[in-house]
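These notes concern the structure reproduced below.
The values are calculated or read from the model by the stated rules, or taken from the named source; none is laboratory data. Everything quoted here is computed from the prediction, not taken from an experiment. Glycine gets a Cβ as well: all are built from the backbone with ideal geometry, and neighbour counts include every protein chain shown. All accessible areas refer to the heavy atoms of the entire protein, side chains included, with ligands and DNA or RNA removed. Shrake-Rupley method; radii C 1.70, N 1.55, O 1.52, S 1.80 Å.
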Amino acid sequence: VKGMDVSFSGLLTFISQNAPKLLAGGYTPSDLCYSLQETIFAMLVEVTERAMAHCGRKDVLLVGGVGCNRRLQAMMAAMARGRGGACCDMDHRYCVDNGAMIAQAGIFAFQHGSRAAWASCDCTQRFRTDEVEAVWRRPTET
C-alpha cells in the first residue's frame, strides 16, 4: 500500500516462488490462500479507511465482485463501526459485473452533457479513479 494505491504483484510473486517450500514445510494450500486473502483484504480495508478519512465519511458501500466475499464484508463492517459508521453491502446480484457499472457511469456522464470524440476514446488500465470528474454529482463540501 502506498497512499491509496495498492499493488498485489509482489504478494503473488512471493507466493508463487515460495509455495513449494512453504507446502513442504507443513503449510497447506488452504493456509496459503487464507493468508493471501487476509493480507489483501487488510490492504483494501486500509485504503478504504484512508479514503473515508480524507473525504470525511463514516459509511462505506461495498460493491464489485469481491464485495460478495463475506470475510471482506466483515472486515469492512468492523472498520466502519470503529469510525462510527456502517458498511452497506449490496445484494450479490448487483456486485458481479463491473462492465455494467462502467456503462452506467457512462450513461450518467452522457445525460449530464459529457461528450468525447471517438478518436479520443481509449482504455487506460491504471486510470486513477480519484482523478475522474463525476459530472453528475454535486461537489462535496469540505
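Quick notes on this structure:
- Breaking point among (1) more than 30 Å from residue 12 (Cα to Cα); (2) under 18 Å from the mean Cα position of the chain (by Cα), for residue 117: (2)
- Residue within segment 37-47 that is touching an Asp or Glu at 6+ places or on another chain (Cβ under 8 Å), among the β-branched types (Val, Ile, Thr) and within 16 Å of residue 78 (Cβ to Cβ) present: yes
- Within segment 47-89, the set of residues being in contact (Cβ under 8 Å) with a residue 40 or more places away in the chain and closer than 25 Å to residue 100 by Cα comprises 47, 51.
- Output for segment 59-106, where each listed residue is surrounded by 13 or more Cβ atoms within 10 Å (Cβ to Cβ), of a type in the set (D, E, K, R) and over 15 Å from the mean Cα position of the chain (by Cα): 83
- Filtering segment 1-12 to residues that are open to solvent by 60 Å² or more (accessible area, probe 1.4 Å) and either part of a helix (DSSP H, G or I) or of a type in the set (Asp, Glu) (or both) leaves 5, 9, 12.
- In segment 76-112, the residues that are assigned to a loop (DSSP other than H, G, I, E, B) and modelled with pLDDT of 80 or more: 83, 84, 85, 86, 112
- Residue match in segment 113-129 (condition: within 19 Å of residue 52 (Cβ to Cβ), assigned to a loop (DSSP other than H, G, I, E, B), at pLDDT below 75 and in contact with a helix residue (DSSP H, G or I) (Cβ under 9 Å, 6 or more places away or on another chain)): no
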